[in-house]
1. Mind listing whichever residues of region 411-422 are closer than 27 Å to Gly337 by Cβ and not in a loop (DSSP other than H, G, I, E, B)?
2. Take the conditions surrounded by fewer than 17 Cβ atoms within 10 Å (Cβ to Cβ) and either part of a loop (DSSP other than H, G, I, E, B) or in contact (Cβ under 8 Å) with a residue 24 or more places away in the chain (or both) and apply them to Gln454. Does it pass?
3. Which residue pairs have Cβ atoms closer than 6 Å, lie 6 or more positions apart in sequence or on different chains, and pair a first residue in region 488-501 that is under 13 Å from Lys390 (Cβ atoms) with a second residue that is in a helix (DSSP H, G or I) and among the polar types (S, T, N, Q)?
4. Considering only region 252-268, how many residues are surrounded by fewer than 18 Cβ atoms within 10 Å (Cβ to Cβ) and over 20 Å from Ser133 (Cα atoms)?
5. Out of curiosity, is Tyr315 in a loop (DSSP other than H, G, I, E, B), under 19 Å from the mean Cα position of the chain (by Cα), more than 26 Å from Ala40 (Cβ to Cβ) and of a type in the set (Phe, Trp, Tyr)?
6. Tally the residues that are out of contact with any Gly (no Cβ under 8 Å at 6 or more places or on another chain) and not small (Gly, Ala, Ser), restricting the search to region 346-373.
7. Limited to region 266-310, what total is found for residues that are under 30 Å from Asn202 (Cβ atoms) and touching a Lys or Arg at 6+ places or on another chain (Cβ under 8 Å)?
8. What about Phe398, is it surrounded by fewer than 23 Cβ atoms within 10 Å (Cβ to Cβ) and among the aromatic types (Phe, Trp, Tyr)?
Amino acid sequence: MTFDLGQMMEQFIGSLTGNYGSSGNGSKNGGGGDEVYDVAVVGYGPAGGVMATLLAEKHGFKVCIVDPSLEKQWIPNYGVWVEEWEALDRLLQIGLGECLDRTWDVTDSYFGGSHGVPNEERCRINRAYGRVSRNKMQANLKARLDAAGVAKIKGKVDAATVKHASEGTTVCLDDGVELRCRLLLDCTGHYSELVEKDGVHNPGVQIAYGAEVEVKDGHEPYDEKAMLFMDYRTDYVSKDDLSAQEAKELEEVPTFLYAMPMGQGPEGRKRIFFEETSLVARPPISFDLCKERLKRRLEHHGIEVTKLLDEELCYIPMGGALPKLDQRVVAFGGASGLVHASTGYMHVRMLAASFPVAHAIARELKKGGPGAPAAAARRAYQALWPAKAKLQRDFHVFGGEFLMAQHAPALRGFFNGFFKIPLPLWAGFLSGYPNLPYNERHQDWQGRFSFGVQFFFKLPPAVQLKLALAGAANGWKHGLLQAVTPLAESAEAVESGFDAEIEAIRRAADAKTTGGDGADGDGGKEGETQAVAGRVEGGTKELTSVSGSDALATLVVAR
């Protein structure tokens with residue numbers, strides 16, 4: 001028999017401070033009463049599954065997942081750059097390498113019809129692209145969660161019952177069962193009711209209608225060996241067939257086609273996933289408009305659909321406010337603002353963030369003591385959104401705001417120029433988060449400034465003018481100027497005092513537990529000292545209920 005002295009001490013301290021200090025793996029049938037979890041993960045989508053796996057398998061914590069639909073099939077299909085997926089497989093070591101459904105060695109795009117670019121001109125990128133198998137990824141994580149002893153609790157969290165104390169958090173489920181944990185991790189998606197936003201939340205929205213179909217003769221004129229990344233052309237419909245309003249809308253409400261050839265189906269027919277996408281808009285456009293445009297595109301190219309296999313409705317908020325970084329509930333996935341504010345990609349960014357966030361949580365919880373939960377939450381947010389990542393996000397938010405204001409001709413010129421700059425520069429912008437390939441090109445203001453200059457001179461003059469005017473008008477508003485100038489260094493310098501902040505959180509909790517200002521070792525009174533620990537939610541939150549999925553019940557995130 002072996003023993004862990006650190007674990008013994010943590011359990012001993014926990015016995016003195018309200019029994020929130022348990023560790024080790026838990027039963028699959030836990031769910032309330034005297035059971036105390038190190039981490040309770042709310043929401044069993046990809047984000048919740050990955051974080052529960054890392055915390056239980058890699059860090060040895062007692063973890064539970066709470067969701068009203070534990071056995072539901074994950075809905076979204078995710079497209080990823082293979083280079084990024086392979087980097088994440090090496091980083092996380094949780095079997096991601098076995099979860100790709102299909103890969104393509106090249107990607108094609110079409111930006112013709114504006115700025116002197118012929119309609120038929122193809123932009124080919126020699127960078128492999130893949131589709132994640134949602135079923136393989138779900139099965140892989142399920143097996144790992146079971147092996148690690150993660151408890152799965154069927155239920156819906158009542159957000160109005162969340163209470164924080166120095167030693168941990170209590171919350172009730174919709175059936176009245178009380179759940180106790182040291183740390184509450186929210187992976188319920190974009191519209192979380194457990195997490196507070198820092199400021200006005202008014203994101204743009206990516207909308208897409210997707211359909212996986214069987215077709216009669218393939219999908220010419222597109223190359224069946226390539227993934228179609230973007231077709232922004234509008235020549236698939238004759239202006240003579242449109243009313244004046246429809247012709248105006250075609251240009252002013254732009255959408256593009258995204259397509260994945262999936263090989264042959266069981267009856268020998270070729271399978272293809274088509275998706276008509278509005279990159280970002282405020283307010284979002286309608287799904288019906290995307291569906292109608294997809295139908296017209298396929299008819300224009302003579303692509304005959306013989307069977308509809310699956311449909312997807314994608315609704316992806318982009319940009320908006322980040323969560324407050326000093327709250328006790330740790331947001332992750334869609335709830336944490338991880339969506340790339342210029343592109344809508346989140347899946348690889350969630351995976352890239354999971355490693356440092358899990359490590360940050362483990363670092364503080366394993367130290368034990370009454371201040372461990374508050375310190376773990378604060379350090380988790382620091383790992384999720386360090387200053388460098390927030391500055392990159394400001395750069396992306398400016399990009400998203402610019403893109404949603406443009407009509408189709410400007411977008412064709414924008415992306416045609418974007419993919420003309422060296423691959424490491426545009427790939428780093430698209431990844432836009434630590435732990436992803438080429439992101440180091442964008443992690444300081446000099447890198448972002450250099451990218452911006454090189455990109456600007458690849459744009460058509462008309463688009464250059466639009467971008468320059470947007471920068472002048474909105475550079476301060478969206479954080480662009482700080483992101484691409486030495487002002488970024490002052491934002492990064494603030495983090496030099498972060499470890500001292502964590503120590504202050506712990507000292508305040510220690511003082512309170514040992515008889516200072518209102519000890520609350522029973523776990524039932526309100527949280528830590530606000531002046532030191534930051535804003536901590538004490539008592540009852542004025543919220544109603546929380547969904548237990550990582551995506552909207554009827555909508556999906558497809559990228």
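1. Within region 411-422, Leu411, Phe414, Phe415, Phe418 qualify.
2. Details: surrounded by fewer than 17 Cβ atoms within 10 Å (Cβ to Cβ): yes; either part of a loop (DSSP other than H, G, I, E, B) or in contact (Cβ under 8 Å) with a residue 24 or more places away in the chain (or both): yes.
Taking the combined requirement at face value, the residue satisfies it.
3. Going by the 6 Å Cβ cut-off, the qualifying pairs are Ala488/Gln482.
4. Of the residues in region 252-268, 4 are surrounded by fewer than 18 Cβ atoms within 10 Å (Cβ to Cβ) and over 20 Å from Ser133 (Cα atoms).
5. Working: in a loop (DSSP other than H, G, I, E, B): no; under 19 Å from the mean Cα position of the chain (by Cα): yes; more than 26 Å from Ala40 (Cβ to Cβ): yes; of a type in the set (Phe, Trp, Tyr): yes.
So Tyr315 fails the test.
6. Of the residues in that region, 12 qualify.
7. Let us first name the residues in region 266-310 that are under 30 Å from Asn202 (Cβ atoms), namely 275-294.
Subset that is touching a Lys or Arg at 6+ places or on another chain (Cβ under 8 Å): 276.
Count: 1.
8. On the way: surrounded by fewer than 23 Cβ atoms within 10 Å (Cβ to Cβ): no; among the aromatic types (Phe, Trp, Tyr): yes.
Answer is no for this residue.
The values are calculated or read from the model by the stated rules, or taken from the named source; none is laboratory data. Keep in mind that this is a model prediction, so the values were computed, not measured. No Cβ is skipped: glycine too gets one built from the backbone with ideal geometry, and neighbour counts run over all protein chains shown.
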